[in-house]
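Participant: Take a look at this one; I'll ask things after.
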Amino acid sequence: MKILFTASECVPFVKTGGLADVVGALGPVLAGQGHDVRVILPLYSAIAQKWQEKMEYLLDFEVQLGWRRQYCGVQTLKKDGVTYYFLDNKYYFGRPYIYGLGGDEYERYGFFCRAALNLLPLINYAPDVLHAHDWQSGMIPALLKIQYAHLPFYANIRTMYTIHNLQYQGIFGIKEVQDVLGLGDGLWTSDKLECYGCANFMKAALVYADAITTVSPSYAEEITTAYYGERLDGLIRARRESVFGVLNGIDIVDYDPEKDPMIVKNYTVETIEDKVQNKLAIQEALGLEVNAAIPLIAMVGRLSNQKGLDLVDHVLGDIMAENVQLVVLGMGEARYTNLFSWAEQQYRGKMAARFAMDHELAHRLYASADFFLMPSQFEPCGLSQMMSLRYGTVPIVRETGGLRDTVLSYNEYTKEGNGFTFLNYNAHDMLHVIKRALSYYKDQPEVITELRIRGMKGDYSWTHSAGEYVKLYEQIAVK
Ligand code: ADP
């Protein structure tokens with residue numbers, strides 16, 4: 001099949017979160033199965049020079065955006081069987097940030113959506129399925145149906161839309177979006193593009209895409225409720241028949257404790273006792289007490305309220321009162337960087353915090369920690385807990401979304417499970433399971449070893465999920 005992804009980030013070129021991992025890993029897997037896979041991305045100036053140097057100029061064209069005519073260059077490169085197209089416009093993407101600060105996100109990604117569709121005839125590529133990801137690509141399914149589908153070239157293109165995080169919807173003024181994309185007044189009713197008085201890129205996709213997926217079966221279920229639905233639950237319920245949950249995988253080559261070049265000591269299930277060498281090294285590197293016997297808890301991720309950091313804030317003193325070390329790696333909201341900077345001073349030698357996008361440190365933490373804490377308020381899928389499992393680091397998570405689908409709490413009677421979990425969004429429930437995990441670490445280390453091994457033996461590859469996507473592509477594609 002001919003499968004086209006459109007997304008705002010993709011490893012190894014540009015990443016702020018799990019979306020990049022998914023797009024970057026799924027494409028090559030599908031290409032490996034013989035599909036013609038292509039990916040359209042913005043050419044951000046943040047893309048590393050070494051990749052920019054590998055790109056080749058393909059063509060350029062002008063994109064009409066209301067009264068504007070904007071240049072769009074196209075750079076291309078082929079990697080792991082996938083063809084990537086980078087849309088080049090310095091005004092929109094040559095900025096020092098990827099998302100956010102300019103107040104004109106609707107115009108930047110309006111340009112992206114329009115240019116992606118206009119590019120297709122120029123490269124003579126009409127995909128069977130155009131698979132758009134997250135709000136930045138949300139207008140593509142809508143524009144395609146409203147403005148392009150009557151043209152023979154586009155008539156047989158079907159669309160799939162994947163929600164990686166329903167919280168980020170791309171909400172703007174209707175007038176502003178009309179000014180860029182020229183969508184007539186008649187389209188701004190609540191059954192089409194209007195959403196609580198605004199334009200909403202994600203809603204546009206949810207109305208017009210042929211199929212909708214999200215990144216775990218539990219999250220697919222949860223977003224039909226008001227608690228998780230971010231005000232789009234009514235629409236998602238209405239489209240229930242077309243909404244599917246497909247669990248993400250991780251890149252098992254990149255995240256492989258046996259071969260990972262970024263970690264201090266490689267290990268396997270057979271040599272699991274070597275894992276502790278990584279802990280000793282990270283304790284040293286981060287200024288923690290160097291002691292193999294102290295359990296190390298790691299957190300890696302965006303510092304946003306989604307990740308359950310308010311729970312950690314609430315009982316941080318109780319956690320640190322235990323014989324434990326805590327390391328936090330993340331970037332995000334000031335209230336959390338302030339909290340963890342303070343904690344680092346307050347609990348010297350027991351707590352370390354690093355606020356950077358540091359892939360090497362992330363790998364080293366997955367390899368060195370004993371436990372990985374992820375008490376998310378909601379979690380569409382979550383990759384970090386799977387990375388932890390793969391490195392024999394035992395996850396402690398809240399039972400929500402993809403966490404619920406990947407981590408099963410240890411059951412002391414049946415001996416089943418691969419981690420520790422709690423259900424309610426409650427700080428003391430979290431504290432209780434942390435203490436439970438620590439008590440196994442101290443009194444029954446053989447249980448922790450068993451959980452580590454079970455984690456490392458799990459299958460987190462894309463093989464199964466890629467097959468599910470292909471089945472869905474086949475369902476919607478024109479026969
Ligand atoms: P989300 O997509 O909500 O950010 P996921 O768990 O799905 O969360 O994916 C997060 C990915 O980003 C993981 O690969 C994680 O290791 C990585 N990551 C997040 N923050 C950082 C950071 N500060 N440094 C390095 N890697 C990070």
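Participant: Starting from the Cα of L280, move 7 Å in the Cα-to-Cβ direction to define the label point; list residues of region 308-351 whose amide nitrogen is under 19 Å from there.
Facilitator: 325
Participant: Can you give the FRET efficiency for H359 and Q49, using 1/(1 + (r/R0)^6), R0 = 22 Å, r = Cβ-Cβ distance, to the nearest 0.05?
Facilitator: 0.85
Participant: Alpha carbon centre of region 128-204 versus region 385-401: separation in Å?
Facilitator: So the two Cα centres are separated by 35 Å.
Participant: Moving on to the next point. Quick check: residue separation of T271 and K457 times 0.36 nm, minus the Cα distance between them. What number comes out in nm?
Facilitator: Answer, rounded to one decimal: 65.6 nm.
Participant: Classify region 423-479 as rounded, prolate or oblate, taking a ≥ b ≥ c as the square roots of the eigenvalues of its Cα gyration tensor: rounded when a/c is under 1.5, otherwise prolate if a/b is larger than b/c and oblate if not.
Facilitator: Details: a/c = 8.66, a/b = 2.16, b/c = 4.01.
Oblate, because a/c is 1.5 or more while a/b does not exceed b/c.
Participant: Binning every alpha carbon pair distance of the chain at 10 Å from zero, what are the percents per bin?
Facilitator: Cα pair-distance distribution for the chain, in percent: 4, 20, 29, 25, 15, 6, 1, 0.
Participant: Can you tell me the dipole magnitude for the chain around its Cα centre, using point charges on the Cβ only (Lys, Arg +1; Asp, Glu -1), in Debye to the nearest 20?
Facilitator: It works out to roughly 620 debye.
Participant: Further question on the same structure: Under 5 Å between amide hydrogens, which residues at least 5 positions from T214 or on another chain qualify, with H placed 1.01 Å from N in the peptide plane?
Facilitator: Under 5 Å from the amide H of T214: I163, F244, G245, V246.
Participant: 7 Å from Cα along Cα→Cβ at both E289 and Q33: what's the point-to-point distance in nm?
Facilitator: Those two pseudo-labels are separated by 5.1 nm.
Participant: Can you pull the percent of Cα pairs in region 287-445 with separation above 21 Å?
Facilitator: The answer is 40 percent, as a whole percent.
Participant: Here is a follow-up. For a Förster distance of 41 Å, can you work out the FRET efficiency between the beta-carbons of T16 and K442, rounded to the nearest 0.05?
Facilitator: Numbers: r = 38 Å, r/R0 = 0.92.
Once the sixth-power term is evaluated, E becomes 0.65.
Participant: Determine, for C198, C72, C10, the number of other Cβ atoms within 10 Å of each Cβ, and report the residues in order from fewest to most.
Facilitator: C198, C72, C10
Participant: Here's something else I'd like to know. So if R0 is 60 Å, what FRET efficiency would Q345 and A155 give, r being the distance between their Cβ atoms, rounded to the nearest 0.05?
Facilitator: The computed FRET efficiency comes out at 0.45.
Participant: For the pair Y91 and R68, how long in nm is the line joining their label points, each one 7 Å along Cα→Cβ?
Facilitator: 0.6 nm
Participant: Within straight cross-link reach of K145, meaning Cα distance under 18 Å, which lysines are found once same-chain residues fewer than 8 apart are removed?
Facilitator: K192, K203
Participant: Among P96, L122, L77, which residue has its Cα furthest toward the positive end of the charge dipole of region 33-129, with +1 on Lys/Arg Cβ and -1 on Asp/Glu Cβ?
Facilitator: Sorting the options by dipole projection puts first P96.
Participant: Give a residue-ordered list of calculated ³J(HN,Hα) values for region 54-61 (Karplus: 6.51 cos²θ - 1.76 cosθ + 1.60, θ = phi - 60°; whole Hz; x for Gly, Pro).
Facilitator: So the Karplus estimates, Gly and Pro as x, are 7, 6, 10, 5, 10, 6, 9, 8 Hz.
Participant: Could I ask something else about it? Across region 339-346, in residue order, what do the Karplus-derived ³J(HN,Hα) couplings come to in whole Hz, using 6.51 cos²θ - 1.76 cosθ + 1.60 with θ = phi - 60° and x for Gly and Pro?
Facilitator: 4, 6, 5, 4, 4, 4, 5, 5
Participant: For the residues L30, L431, what sequence is obtained by ranking on other C-beta atoms within 10 Å, fewest first?
Facilitator: On the way: L30 23, L431 20.
Result, fewest neighbours first: L431, L30.
Participant: What list of ³J(HN,Hα) couplings, whole Hz, do you get for region 379-393 from phi and the Karplus terms 6.51, -1.76, 1.60, once you set θ to phi - 60° and write x for glycine and proline?
Facilitator: 3J(HN,Hα) across region 379-393, in whole Hz: 8, x, 9, x, 9, 4, 5, 6, 4, 4, 4, 5, 9, x, 9.
Participant: Neighbour counts of other C-beta atoms within 10 Å: give me W462, W342, W188, W67 arranged from fewest to most.
Facilitator: Working: W462 22, W342 13, W188 18, W67 8.
So the residues, fewest neighbours to most, are W67, W342, W188, W462.
FYI, it's all coordinate maths here, none of it is from the lab. This one's a predicted model, so the numbers in the text were calculated from it and none came from an experiment. Note that each Cβ is placed from the backbone with ideal geometry, even for glycine, and that neighbours are counted across all protein chains shown.
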